[in-house]
Each structure stands twice: as C-alpha cells, then as structure tokens.
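Peer 1: Here it is, the structure, as structure tokens.
The values are calculated or read from the model by the stated rules, or taken from the named source; none is laboratory data. The model shown is predicted, which means the values in this text are computed figures rather than measured ones. Here Cβ is always computed from backbone atoms with ideal geometry, including for glycine, and neighbour counts include all displayed protein chains.
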Amino acid sequence: MAGWSAEEMERPVPADQVAPEGREVFISIRGLHKRFGPRHILRGIDLDVGKGETVVILGLSGSGKTTLIKHLMLSLPVDEGAVRVGRFDLARLSTDDREAYRGGMGVVFQHAALLGSLTVEENVGLPLVEVERLPTEAVRPRVVAALKRVFLPAEEILHLKPDSLSGGMRRRLLVAKALVHSPPVVVLDEPTAGVDVELRRSLWSYMRSLNAQGVTVVLTTHYLEEAEALCDRLAIIDHGQVVAVGATRELLARLDEKELHLTPTGRLDELPAALRELGAELLEDGRIRVRYRPSRADVGAILERARQAGIGIRDLATSEADLEELFLRLTASRSPALLQGARRGAVLGEETV
Ligand SMILES: Nc1ncnc2c1ncn2[C@@H]1O[C@H](COP(=O)(O)OP(=O)(O)OP(=O)(O)O)[C@@H](O)[C@H]1O
Ligand SMILES: [Mg+2]
C-alpha cells in the first residue's frame with residue numbers, strides 16, 4: 001500500500017479509548033470543534049473508527065458531515081480538539097508527514113472536480129504518478145483495473161475527457177481515482193450521489209470488499225439503504241454533534257419501541273379501559289395498535305389483557321422502528337415538519353428531506 005509503511009499501518013492510535021468491538025482504534029476524533037467566524041458548526045465531535053471498519057456518517061443537510069470529514073482529508077485544519085489517524089496527529093503534521101498521510105488516503109470530496117484538460121486515464125492515474133511515482137507504462141493497467149472495479153467500460157473511456165461522461169460515471173470515476181493506489185484509509189463524501197440504484201448496489205459490494213483487505217472506510221451518504229448496507233457502525237450527527245453511534249441493530253434496539261397490531265375477531269366500537277390504559281388505539285380498519293417497549297412489556301402480557309377484556313384475537317403482527325424512523329427521531333428536533341415530509345421517502349436530502 002502506498003504512502004504509509006507497513007509499520008505505520010499496524011500502529012494503532014495511542015489512545016485511552018475503548019475501541020469499537022474487537023478492533024484497534026485507527027481513527028480517533030476527540031472534542032473536535034469548528035467555527036467559521038461566529039458560526040459554531042462542529043460542537044465537540046467524539047468518534048472512533050476501528051481498523052478495517054466502515055463507519056457511515058449520516059446527518060441532515062448542513063449538519064456538519066462534510067466539515068467533519070474535511071478534517072480527515074486535511075482540507076480543514078484541526079483548530080480545537082484532536083484527530084489522530086494511525087500514527088498521525090493531524091493537528092501536528094510535519095511537511096513530510098503531511099505528504100505521507102496524503103499518500104495513504106483515498107478521498108472523494110463532495111464537490112470534487114476532475115481535471116477537464118486531462119483524459120480519464122490521466123485523471124484516474126494521478127495518484128499513481130504523484131504518490132507512487134509509477135512510470136507511465138505501469139499506470140494504464142492499474143487505471144483499467146480501477147475503472148472496471150467501479151463498473152466503467154475502461155477501454156471505451158480511457159481517452160475521453162471527463163466532460164463527455166454522465167454525472168453518475170464521473171462520480172464513479174472519482175471513486176476509482178480515490179482507490180487506484182490502494183490506500184489504507186478511504187474517506188468518501190457522498191461517493192454514490194447521482195449514481196443509479198443498481199450501480200450503487202454494485203459499488204456497495206466493492207466498498208464492502210475493501211474492509212476484507214483491512215481498509216478503513218469513512219463515508220457520508222444521504223441514502224439510508226446505503227448506510228445500512230455498507231456500515232459496520234453508523235454515526236448520526238446533528239447540529240455538529242454525534243447524537244448516536246453504533247451498529248444499526250444496536251441503535252434500533254436502543255430505541256426500545258415496537259408496535260403490536262391486533263385484529264379482533266369482531267368489530268369493536270370502542271376499546272376496553274384495560275387496553276386504553278396501555279395506550280392502545282383503535283385504528284380505522286378495526287385493528288388495535290399498541291406501542292410498547294420490548295424491554296419493559298411483552299406481547300404475552302398485552303394479549304392476556306385483551307383476553308381478560310373479552311376480546312378475541314384473530315391475527316397479530318408486530319413491527320419495529322427502522323433506520324428511517326430512528327434517524328428522524330434523532331434529527332427531527334430541527335424542525336418537527338421534517339418528520340412528516342421525511343416519512344414519504346427514504347432518501348434524506350436537502351432541507352425538504
Ligand atoms: N467554509 C465555510 N464557511 C462558512 N460556513 C461553512 C463553511 N463550510 C461549511 N459551512 C457551514 O457549515 C454547515 C455544515 O456544512 P457541511 O457542508 O458540513 O454540511 P453537510 O452535513 O455536509 O451537508 P450536506 O448533506 O448538504 O452535504 C453549513 O451551515 C455550512 O454553511
Ligand atoms: Mg456535505
């Protein structure tokens with residue numbers, strides 16, 4: 001792997017924190033604040049990323065995702081707090097370290113541009129020339145392989161200028177460029193924005209395979225499905241703070257909320273008091289909905305109440321909150337109106353969501 005020596009790769013962050021389950025902490029962010037003039041954008045971010053882990057950062061537009069990962073990309077200085085990646089303390093990098101660090105990173109910026117005057121081959125091959133200093137003839141096979149991994153027709157497009165490619169193709173080109181030199185750390189800001197659903201899914205399996213090679217991945221997305229498919233852990237940020245971090249299942253379990261839907265044998269005009277006390281509601285379709293906390297109540301006890309109240313049950317179903325619901329709960333404080341709008345779609349984008 002380019003940029004970082006094997007020893008640098010192996011050395012974990014000298015930290016006092018608890019690593020994510022069973023892993024060494026490789027990226028450690030502590031008390032990171034960022035102010036742009038009077039605007040306090042990051043408000044004390046704490047986040048650990050284990051070696052070989054994928055952490056997906058989710059947050060509404062403007063919550064600070066790009067600002068956060070720009071620190072990892074060295075495009076914003078660490079003014080307040082600490083950011084460590086492997087042996088590198090990003091607040092204190094010597095010029096040599098800065099170069100070594102950059103060489104070991106694969107990055108896709110949210111508003112990344114390809115160089116319009118260079119061909120696809122030259123654009124994607126840049127890290128190989130600049131970081132690995134490969135001779136020209138050695139660049140092409142690596143570029144072709146990188147393009148193929150992101151499902152681009154390498155031979156057809158090598159000599160084209162990026163302008164003649166579609167938006168989704170250009171996005172994939174950026175991913176190819178970020179990964180062409182096999183960096184040990186990859187930081188991607190919305191890598192699949194504008195890529196169609198099918199290709200996005202194919203890219204996920206490629207990105208997942210990076211972890212198997214020990215690559216540490218931090219990425220942002222607005223696609224909840226992408227977050228679920230890709231991450232070991234999610235970090236949800238809101239107003240510049242990490243409001244939840246963990247595996248999707250863990251976070252959902254923490255929500256501790258399920259719904260039980262009961263279909264009574266006969267039509268009910270109203271609910272018996274015993275069920276109303278549980279907060280049950282009679283739905284228009286005749287079913288009874290009971291929201292409960294799995295840690296405190298169980299379905300058996302609820303059914304027993306219904307039975308004691310003389311209600312026969314023909315059918316039942318339970319459902320639990322999904323990632324979308326969780327995300328909205330954690331971030332909707334910004335505007336209750338978002339909650340309604342967001343339920344309609346799983347893509348959480350601009351302010352309208
Ligand atoms: N250079 C800057 N100067 C002033 N304000 C900035 C600067 N960069 C970012 N901000 C502000 O910081 C806030 C967070 O921006 P950021 O780009 O980190 O959000 P984001 O979570 O990445 O949003 P999106 O999902 O839309 O990409 C925004 O209010 C933005 O205007
Ligand atoms: Mg952003």
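Peer 1: Take Ser94 and decide whether it is within 15 Å of ligand 1 (Cβ to nearest atom) and either outside the structural domain of Val243 (by TED's automatic domain parsing) or of a type in the set (Ser, Thr, Tyr) (or both).
Peer 2: No.
Peer 1: Filter region 52-91 for residues that are among the charged types (D, E, K, R) and either surrounded by 23 or more Cβ atoms within 10 Å (Cβ to Cβ) or more than 19 Å from the chain's Cα centre (by Cα) (or both) and give the result.
Peer 2: Glu53, Lys65, Asp79, Glu80, Arg84, Arg87, Asp89, listed by residue number.
Peer 1: While we're on this one: Which condition number in (1) within 16 Å of ligand 1 (Cβ to nearest atom); (2) crowded, with 21+ Cβ neighbours inside 10 Å is the one that Tyr101 fails?
Peer 2: (1)
Peer 1: Counting only residues that are in contact with a Phe, Trp or Tyr (Cβ under 8 Å, 6 or more places away or on another chain) and away from ligand 1 (no atom under 13 Å from the Cβ), which one in region 225-251 is farthest from Glu24 (Cα to Cα)?
Peer 2: Glu226
Peer 1: In addition: Residues that are in contact (Cβ under 8 Å) with a residue 40 or more places away in the chain and under 28 Å from the mean Cα position of the chain (by Cα), at least 2 per element: which helices (runs of 4 or more DSSP H) completely within region 95-166 meet that?
Peer 2: Passing ranges, in order: 95-103, 120-130.
Peer 1: When region 48-92 is examined, which residues are found to be of a type outside the set (Lys, Arg), assigned to a loop (DSSP other than H, G, I, E, B) and more than 16 Å from ligand 2 (Cβ to nearest atom)?
Peer 2: Within region 48-92, Gly52, Glu53, Leu74, Pro77, Val78, Asp79, Gly86, Leu90, Ala91 qualify.
Peer 1: Here's another thing I want to ask about it. Do the conditions hold for Leu42, that is, is it in a strand (DSSP E or B) and either away from ligand 2 (no atom under 16 Å from the Cβ) or assigned by TED's automatic domain parsing to the domain that holds Val243 (or both)?
Peer 2: So Leu42 fits the description; yes.
Peer 1: Check Val195, Val215, Val185, Val242 and return the single one that is without any contact (Cβ under 8 Å) to a residue 40 or more places away in the chain and either in contact with a Pro (Cβ under 6 Å, 6 or more places away or on another chain) or among the hydrophobic types (A, V, I, L, M, F, W, C) (or both).
Peer 2: It is Val195.
Peer 1: Looking at Leu252, Leu234, Leu275, can you tell me which residue is in contact with a strand residue (DSSP E or B) (Cβ under 9 Å, 6 or more places away or on another chain) and within 20 Å of Leu32 (Cβ to Cβ)?
Peer 2: Exactly one residue qualifies, and that residue is Leu234.
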